[in-house]
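Here is the structure we will look at.
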Amino acid sequence: MSDPRLCWLPATELAALIRRRKVSPVEVVDAVLDRIERINPRLNAFVTLTAEQARREAKAAEREILHQAALAAARTHEEVDKLNEELRRDQERLAGDRDRKIAEIRGDRPA
């Protein structure tokens, strides 16, 4: 169960908590998605909810935070290069997922 209090914190406070690793981006997204699931049937505020994409992007953000911590601890150029390559691959995969989802929503047909 996610912490519903996360939904009421200002973005600046959430960012500070994430930086200090008191909360993860995934926990924040899960809290918001839980709240949407609870209240959207009454409000009908969301037509399209891309929950899985939000979770993927939160996980990618979490990996990037961990990557930055690993870079700070890396001792050699080879380690830094390897970590940067891993991050680049994650970012490319996420961009491809995003582009496919946009095409799906728009109803684009693959060429």
Exercise. Can you run phi through the Karplus equation (6.51, -1.76, 1.60; θ = phi - 60°) for the stretch 3-20 and list ³J(HN,Hα) in whole Hz, with x for Gly and Pro?
Worked result: 8, x, 5, 4, 5, 9, 7, x, 4, 5, 6, 4, 4, 5, 5, 5, 4, 7
Exercise. Listed highest first by mean packing, meaning other Cβ atoms within 10 Å per residue, what order do 11-23, 42-54 come in?
Worked result: 11-23, 42-54
Seminar exercise, completed: Only helices counted: for the chain, with every DSSP H run of 4 or more residues adding -39500 (n - 2.57) and the sum spread over all residues, [θ] at 222 nm is -25000 deg cm²/dmol
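No value in this document is a laboratory result; all are computed from the given coordinates. This structure is a prediction, so every number in the text was calculated from the model and none was measured. In this analysis, Cβ positions are derived from the backbone assuming ideal geometry, glycine residues included, and neighbour counts consider all displayed protein chains.
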